[in-house]
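For reference, the structure I am asking about is given below.
The values are calculated or read from the model by the stated rules, or taken from the named source; none is laboratory data. Note that the structure is a prediction, hence the values are computed from the model and not measured. Cβ: placed from backbone, ideal geometry, glycine included. Neighbour counts: every protein chain shown. Keep in mind that these areas ignore ligands, DNA and RNA; they rest on the heavy atoms of the full protein, side chains included. Shrake-Rupley method; radii C 1.70, N 1.55, O 1.52, S 1.80 Å.
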Amino acid sequence: MSTKNKTREKGELVLRMRGLRMEGQADGEWHEIVKGIDLDLHRGEVVGLIGESGAGKSTIGLASMGFARPGCRITAGSIEFDGTDLMQQSEDYKRNLRGGRISYVAQSAAASFNPAHKLIDQFGEAAVQHGVLTKAEADRDAKDLYKRLELPNPDTIGYRYPHQVSGGQLQRAMVAMAMACKPDLIIFDEPTTALDVTTQIEVLAAVKDIVTTFNTAAIYITHDLAVVAQVADKIMVLRHGNMIELGETRSMIAKPKEDYTRELLAVRTYKKEEFAEANDDAPILKVSNITASYGKGITVLDDVSMEIHRGHTVAVVGESGSGKSTLARVITGLLPPSQGSIEFEGEILPSALKNRNKDQLRRLQMIYQMPDTALNPRQRVRDVIGRPLSFYLGMQGQEKETRIRELLTLIELDPDHFIDRFPGELSGGQKQRICIARALAAEPELIICDEVTSALDQLVAEEILKLLQRLQNELHVSYMFITHDIATVKAISDEMVVMLQGKIVEQGEKDVVLTPPQHEYTELLLSSVPEMDPDWLDDLLARRAAGEVVSTIASKPNA
Amino acid sequence: MNAILTMIAQRLALGVLTLFIVSLIIFFSVSLMPGDYAEAILGQAALPDTVRAFREQLGLDQPAYVRYFQWLGGVFTGDLGTSFSSERAVTELIGARFGNTMFLAAYAALIAVPLALVLGVLAALYRNSFYDRTVNVVTLTTISSPEFFLAYVLIMFFSVGLWNGSEMIMGGFFPPIANVSDDVGFWERVYRTTLPAVTMTLVIVAHMMRMTRASIINLLASPYIEMANLKGLTKSRIVFKHALPNALAPIINVIAVNMAYLIVGVVLIEVVFVYPGLGGLLVDSVSKRDIPVVQGSCLVFAAVYILLNLTADVLSIISNPRLLHPR
Amino acid sequence: MTRFLKFMQSAPWSARFGMFVIAVYVFVAFFVPVLAPFGETELVGSSYQGWDSTYWLGTDSLGRDMFTRILYGARNTIGIAFVTTCLAFLLGGLLGFMSATLGGWVDQLLGRFVDVIMAIPSLIFALLLLTIFGTSVPVLIIIIAVLDSTRVYRLARAVGMNITVMEYVEAAKLRGEGLWWIIRREILPNAMPPMVAEFGLRFCFVFLFISALSFLGLGIKPPIADWGSMVKENAALISYGDITPLLPAGAIALLTVAVNFVVDWFLHKTSGLRDEH
C-alpha cells in the first residue's frame, strides 16, 4: 500500500473520470445532479472545479474518492484511479485508498475534526491504520508539516484539541492531515470559504506550497474564480451538473470561450457609474462616540463615530468580529449603546427601539444577508410588502394593492406572476428583491444593507447591486452597506469606513481610503483580496517576504 | 479543569437550592387546602373542642414558618412526624418500604439499560431496515400502553395462565402478587419481583432505545464522522473511536432521564402487584389523606428524582470533550 | 384540497390505521347515547354476569353492562383528556411564545418557575395536590393541565426561540410591531407543525396520566364510566382468567397507539419537508 517511495513523475495519469452521472434524492424522488462529466487529472496537476451553488462540484469531488453522500448515488460512468475503476471495486478496496492515496480537505475544519481527540492523533490515524507510518513517524511528520505550514508552536500545537485552535489554524492543520500519507490526489472542498480574507491567504499559501512541493494531483473546489486562479493549472466551469468549459487557467481567464464563464469573470468588474458629489449638507445620520457591549465587560464597539449624507452609500468594511454588524444593531435600536448618541436628520434618536416612534422607525429600514430567513415562509409576497404600507402609511384596499404592484415593478418582478407567491416559491435573488421592496414600501431615508449580497451566487449578487444603485439614483435614498467583500465596496460605495476589533481604523471617501498611504490594517485587508491574476498570490507572498507590504499587524487577532 | 469544577459546583448548588424550594412547595401547598386543615382531616362533623385539641397536637397554633423550620429540622434528624392513620412514625413507614422500591427499580434497570442500549445502537446502525421498522412499531405500542395494561397482560400470560377448558396451556410461572417481607431470601425475592420488574423493563426499554437511536443517528450525521469515512477508517474504528466518545454524554443523559422515569413509574406497578414499596404507601396515604406520610414520601421521591437528574447533568459535563479540555 | 388528498395518500399503513381508529373513537364519543344498548349507570343485571347475547361483555360488580360502560368511557375519558390538553396548550403555548419573544426577565422568571415544577415528578406532584384539593373532575383537569403546561412551555419556548432568531421576526420588531402581532402572525404559523405533533403526544400523555390516576382510584370517580377506574373496579376478575377488565385498558392502549402512529408519520413528514429546502 505504501506510496512513499514511488517515483512521482509529472504527467502520469492519476484520475480518469468518464461519463460520470449522479443522482440526489429530494422529496422521495431521485433527480440527476451530475450529468455526464469527463475529467482527467495528471500527477502534479491541480484542477479547479468552479460553479455556483447546485453546480454539483462537491458531489463530483467526493465521487473521485468513490464516495457518495447519503441521499446521493452514482448511476453511471467510470472513475479510474491509477488505472483501476473504483466503481468495480469493493468497499474495502476504496477504504484502503481513502486517507492513504486520496485524501480530503473539508470546508469546515471546525466541524470535521473530532472534538474528542487531539489534532496530532487525528493526523496519524489513517496513516497508521493503512500501515504507511508508525505512530512515532506520524507524530514527527505532523510536526514537520505544521512547521512547514507556519502554524504557531508546531511542536506542541498538535497536542491541543480542535476547539482550542482558531479557524485558520485548524484549516491548515487539516491540510497537514490530508498530507499525512503523501497521497497521490487531494480533494480540497472549499477550504477557505468560511474564512476571512486575511486568513484565507495563509491557507491558500499552504495549499499551494503543499501541492507544488509534493507534486500531488489535486481537485480544488470553490465558487470563487479569483481564488482558484491562484492554485489551479486548469479550470472546469460547472453549472447544474453540466460542464460548461474546461481550459488552462491563464487562457480561460484571458479569453473565456463560453458566455457563462465570461459572466462569472465580469462580476468583479462592475462599478458604479457616477459617484455622489461630496456636499456640505447636514448628514442624514450622525453617529457620535458610540460605545457598546454585550453583557458585561466585552466591549464590541469602542468610540465609533461616522456620518452618512443623503443619497450617499457608505460602506462599512471589516472581518468577522470587527463590530460592523453590531454597529447596525446599535443604529436600529436593537442594542442600546452604553455611551454616545445617534442623530437622524438633526434629531436625536432614542437609543432603545421601543422608545422610537413610528415615523422614526419608518425612515430607517434594513435589508438582511440571508433572504431565506428574512422572509416569513408563511406569508405571501402581497402580505410581506403590504404590511409596511398599511402599518406606516395606513394604506388599505385598492390603494395598497396598486402600490404593491408598483413596488414589484420597481424591483423588476412581474406583479401578476409574483404577488401571490410564498417565499419558498422564489429563487434567492428574487427573495432578496422582495426584501428590498419591503424596505422601500416604508419610503425610508436610509437603508442599512447587512451583507446583502454575500449569501447569493455571484451573478445574482451583481444584479442586486445594480438594482440597488438604480433605486438610489431614482429615489435618492442613502445606504449604509455592511460588507466584508472589498469588491462590493469598490463597486457601490461613495465613502468607506474600515473597522477592526470594534474600532474605526480609517474612514473617508472611497478613493482616498483605497489609495496609499493607508492604515496598515487597510493595507493588509486590501492586499489580501484575491485578484483575477494567476500570479497574484506568488507576487504578494514575495512582496510580503521582502517587507514591501504588511504581512501582519500587531493588533490583529491570531488567525 | 477548574472551569469544569466550577460548573459541577454550580450544578450541585442548584440541586440543593431546587431541593430546598421543593421542600417549601411540599410543605406550604398543604396550607392551600381549602378550609381548616384539622377540620378537613377530622371531617365537618367534628366537635369544635376536638378540632382545637387536634390543632394543638399538630402545632397548628404556631405560625407557618416556625412549623416549616421544625419540619425541615425533622427532615435532617430523620423525624417526619407521625402518620395520622396508623399513629406510627413516618420515617419508620417510609424506611421499611424505600428499600423495596429501590430493589425493584434496580432490578428493572439492570435488565433494561443494557438491553435498550444494544437495541438502540443496532436500530441506529441499521436504520430503515426491517429490524428498525419492526422495533419502531413495537416500541411505539409499548410506550402507548398504560403500565397497568402491560402488567395485567403479563399476569394473564405468565401467572393466571391461559385455559382451554380445565387445561392450562401456559402460565403459572410467576406469582401474580409480589409479596415480599424481610424474611424472604434474596433469590426468592428476585423470583417474586420478576413480573413487576419485567413490566417496568418493557416501558423503560422502549423509551430508552428510541432515545438512544435518535442520538446515535444524530451523531453519525456529523461532519467528523464523514471525515473519518473519507480517511478510510474501518467501520469498527469509526464507531468505537469516533462516535462512542461523543455519544457518551447523550447516552448517559438518556439513562439518567429514564432512571428518573422509572422511579416514578414504579408507583403504578407497585399498586398492581400489591408490592410493599414506597409508591404503594404513597397511593394509600393519598386516599386516606394522611398528610405527613404524603409529604414525606413526596419529598423522598422528589429527592431521588432530582439526584438522578443532577447525576446526569454532572456526568454529561464530565464526558464533554469541549468542557473537559477548555481553551 | 388536492394537496391535502395527496398528503393523505402518502401515509403509510400504520398512520392510516391510526387515523381510522381515531375516527372510530371520535364517532363513538359523539354518538354513544344512540349506540349504547343501556344507560351509563343503569343497573341491568346481577353482578359479574358472563358474556352473552344481551350483555355482550357481561356485567360489572354492581350489575351494570360492561359494553355500555366501555362506550361511555370513550366520551368521558377522551373528553376529559382532550379538555385538559387544550388547557395545557393554551397556558404553556402562550407563556412559551411570550418567553421566546420577550426574553429578558420575563423569560428568566418563567423559566426558573418551570424548572422548579419540573424538578418534582409530575405523578408525585399530582398526588400531593390531589390530596390537598380533593379529587373532583374540575380539580383534576386544572391540576394536570397546569403540570403538563410546563412541558408545553418548554417546547413552545424552544420552537419560538428558533423562530425569533429569524430575521423576519427582527424585521417585524424593527418595524415596530407589537408582541401580540409578532406571536400571532410571525411565530404561530411557523410553529404549527411541531406544536400539532406535540399536541398529539401530550394528549397521549395526559390520557395515560388520567387513566393511571383513575386506576389508582384518585382520578375520575364512579359512577362516571371511565376506562382507568373500570380496570380497577373489575381487576379481581383477572385472577379467574377473565379478560374483561383488560378490555378498557386495551381501549386506552389502542387509542394512544393510534395517535402515536399518526404523530410519528406527521413528524417524519414535516421534518422531511423541511430538509428539502
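Can you go through A:482, A:419 and tell me which one is in the same structural domain as residue A:383 (by TED's automatic domain parsing) and touching a residue at least 12 places away in the same chain (Cβ under 8 Å)?
A:419
If a residue must be β-branched (Val, Ile, Thr) and more than 9 Å from chain C (Cβ to nearest Cβ), how many such residues does the stretch A:371-387 contain?
2
Residues of the stretch A:500-536 being aliphatic (A, V, I, L, M), assigned to a helix (DSSP H, G or I) and closer than 24 Å to residue A:321 by Cα, which ones?
A:513, A:514, A:524, A:525, A:526
Sticking with this one: Every residue in the stretch A:388-443 that is in contact with a Lys or Arg (Cβ under 7 Å, 6 or more places away or on another chain) and part of a helix (DSSP H, G or I), please.
Those that are in contact with a Lys or Arg (Cβ under 7 Å, 6 or more places away or on another chain) and part of a helix (DSSP H, G or I): A:388, A:389, A:390, A:391, A:392, A:404, A:415, A:423.
From the list C:158, C:172, exactly one residue is closer than 30 Å to residue A:384 by Cα and open to solvent by 20 Å² or more (accessible area, probe 1.4 Å). Which is it?
From the options C:158, C:172, the qualifying one is C:158.
Take the stretch A:83-124 and flag every residue that is more than 8 Å from every other protein chain (Cβ to nearest Cβ) and open to solvent by 50 Å² or more (accessible area, probe 1.4 Å).
A:83, A:87, A:88, A:89, A:90, A:91, A:92, A:93, A:107, A:110, A:118, A:121
Something else about it: Regarding the stretch B:46-58, can at least one residue be identified that is under 28 Å from residue B:263 (Cβ atoms), at pLDDT 75 or above and of a type in the set (Val, Ile, Thr)?
No, there is no match, as no residue in the stretch B:46-58 is under 28 Å from residue B:263 (Cβ atoms), at pLDDT 75 or above and of a type in the set (Val, Ile, Thr).
Here is a further query. Please list, ordered by first then second residue, the pairs with beta carbon atoms under 6 Å, 6 or more apart or interchain, first in the stretch B:205-226 and free of Cβ contacts under 8 Å to residues at least 24 places away in the same chain, second open to solvent by 30 Å² or more (accessible area, probe 1.4 Å) and in a helix (DSSP H, G or I).
Pairs that qualify, where the first residue is free of Cβ contacts under 8 Å to residues at least 24 places away in the same chain and the partner is open to solvent by 30 Å² or more (accessible area, probe 1.4 Å) and in a helix (DSSP H, G or I), are B:223/A:111.
OK, next. Within the stretch C:117-220, which helices (runs of 4 or more DSSP H) (wholly inside it) include 2 or more residues that are closer than 30 Å to residue C:262 by Cα and more than 11 Å from every other protein chain (Cβ to nearest Cβ)?
C:137-164, C:188-215
For the stretch A:173-197, which positions are within 19 Å of residue A:320 (Cα to Cα) and outside any loop (DSSP other than H, G, I, E, B)?
Once the filter is applied, which keeps residues that are within 19 Å of residue A:320 (Cα to Cα) and outside any loop (DSSP other than H, G, I, E, B), the stretch A:173-197 yields only A:197.
Quick one: how many residues across the stretch A:175-192 are aliphatic (A, V, I, L, M) and more than 16 Å from residue A:231 (Cβ to Cβ)?
3
Which condition from (1) open to solvent by 20 Å² or more (accessible area, probe 1.4 Å); (2) more than 14 Å from chain C (Cβ to nearest Cβ); (3) modelled with pLDDT of 90 or more is the one that residue A:477 breaks?
(1)
Does residue A:366 fit the bill of being buried (at least 18 other Cβ atoms within 10 Å of the Cβ), at pLDDT 90 or above, under 30 Å from residue C:193 (Cα atoms) and touching a Leu at 6+ places or on another chain (Cβ under 8 Å)?
Considered against the rule, which asks whether it is buried (at least 18 other Cβ atoms within 10 Å of the Cβ), at pLDDT 90 or above, under 30 Å from residue C:193 (Cα atoms) and touching a Leu at 6+ places or on another chain (Cβ under 8 Å), residue A:366 comes out as yes.
As an exercise: evaluate residue A:542 against (1) in contact with a strand residue (DSSP E or B) (Cβ under 9 Å, 6 or more places away or on another chain); (2) open to solvent by 30 Å² or more (accessible area, probe 1.4 Å) and give the number of the one condition it does not meet.
Exception for residue A:542: condition (1).
Return the total of residues in the stretch A:109-139 being within 22 Å of residue A:216 (Cα to Cα) and of a type in the set (Gly, Ala, Ser).
The qualifying residues number 6.
Test of understanding: among C:126, C:74, which residue is among the aliphatic types (A, V, I, L, M) and under 26 Å from residue B:310 (Cβ atoms)?
C:126
β-branched (Val, Ile, Thr), open to solvent by 10 Å² or more (accessible area, probe 1.4 Å) and closer than 28 Å to residue A:230 by Cα: which single residue out of A:128, A:132, A:197 fits that description? Even if it seems obvious, please write down each step before you answer.
On the way: A:128 fails: closer than 28 Å to residue A:230 by Cα; A:132 fails: closer than 28 Å to residue A:230 by Cα.
Result: A:197 is the single residue among A:128, A:132, A:197 that is β-branched (Val, Ile, Thr), open to solvent by 10 Å² or more (accessible area, probe 1.4 Å) and closer than 28 Å to residue A:230 by Cα.
Another question, then. Could you pull out every one of the helices (runs of 4 or more DSSP H) wholly within the stretch C:1-109 that has 3 or more residues that are in contact with a helix residue (DSSP H, G or I) (Cβ under 6 Å, 6 or more places away or on another chain)?
C:13-35, C:66-73, C:79-102
Within the stretch A:161-194, how many residues are open to solvent by less than 10 Å² (accessible area, probe 1.4 Å) and among the small types (Gly, Ala, Ser)?
Qualifying residue count for the region: 5.
Ok, one more. Restricting the stretch B:116-138 to residues that are among the hydroxyl-bearing types (Ser, Thr, Tyr) and either in contact (Cβ under 8 Å) with a residue 24 or more places away in the chain or part of a helix (DSSP H, G or I) (or both), which is surrounded by the fewest Cβ atoms within 10 Å (Cβ to Cβ)? Can you show your working first?
First, pick out the residues of the stretch B:116-138 that are among the hydroxyl-bearing types (Ser, Thr, Tyr): B:126, B:129, B:131, B:134.
From what's left, either in contact (Cβ under 8 Å) with a residue 24 or more places away in the chain or part of a helix (DSSP H, G or I) (or both): B:131, B:134.
Details: B:131: 14, B:134: 11.
Out of the qualifying residues, it is B:134.
Looking at (1) surrounded by 22 or more Cβ atoms within 10 Å (Cβ to Cβ); (2) under 15 Å from residue A:313 (Cα atoms); (3) free of Cβ contacts under 8 Å to residues at least 40 places away in the same chain, find the lone condition where residue A:521 falls short.
(2)
Restricting the search to the stretch A:142-160, which residues are closer than 24 Å to residue A:98 by Cα and crowded, with 21+ Cβ neighbours inside 10 Å?
Across the stretch A:142-160, the qualifying residues are A:142, A:145, A:146, A:149, A:158.
Can you pull out every residue in the stretch A:82-130 that is assigned by TED's automatic domain parsing to the domain that holds residue A:192, part of a strand (DSSP E or B) and either farther than 22 Å from residue B:219 by Cα or out of contact with any strand residue (DSSP E or B) (no Cβ under 9 Å at 6 or more places or on another chain) (or both)?
A:102, A:103
Tell me, please, whether a residue that is closer than 28 Å to residue A:265 by Cα and open to solvent by 50 Å² or more (accessible area, probe 1.4 Å) can be found in the stretch A:416-426.
No, the stretch A:416-426 contains no residue that is closer than 28 Å to residue A:265 by Cα and open to solvent by 50 Å² or more (accessible area, probe 1.4 Å).
Residues to consider are B:297, B:287; find the one that is in a helix (DSSP H, G or I), away from chain A (no Cβ under 14 Å) and modelled with pLDDT of 85 or more.
Step by step, each of B:297, B:287 is checked, and only B:297 is in a helix (DSSP H, G or I), away from chain A (no Cβ under 14 Å) and modelled with pLDDT of 85 or more.
Separate question: Kindly evaluate residue A:20 against the criterion of being modelled with pLDDT of 90 or more, under 29 Å from the mean Cα position of the chain (by Cα), crowded, with 21+ Cβ neighbours inside 10 Å and not assigned by TED's automatic domain parsing to the domain that holds residue A:169. Even if it seems obvious, please write down each step before you answer.
Values: modelled with pLDDT of 90 or more: yes; under 29 Å from the mean Cα position of the chain (by Cα): yes; crowded, with 21+ Cβ neighbours inside 10 Å: yes; not assigned by TED's automatic domain parsing to the domain that holds residue A:169: yes.
Yes, satisfied.
Kindly list the number of the only condition in (1) within 14 Å of chain C (Cβ to nearest Cβ); (2) open to solvent by less than 40 Å² (accessible area, probe 1.4 Å); (3) basic (Lys, Arg) that fails for residue A:69.
It is condition (2) that residue A:69 fails.
Among the strands (runs of 3 or more DSSP E) confined wholly to the stretch A:241-337, which include 1 or more residues that are at pLDDT 90 or above, more than 26 Å from residue A:532 (Cβ to Cβ) and open to solvent by 40 Å² or more (accessible area, probe 1.4 Å)?
So the answer is A:285-294, A:298-308.
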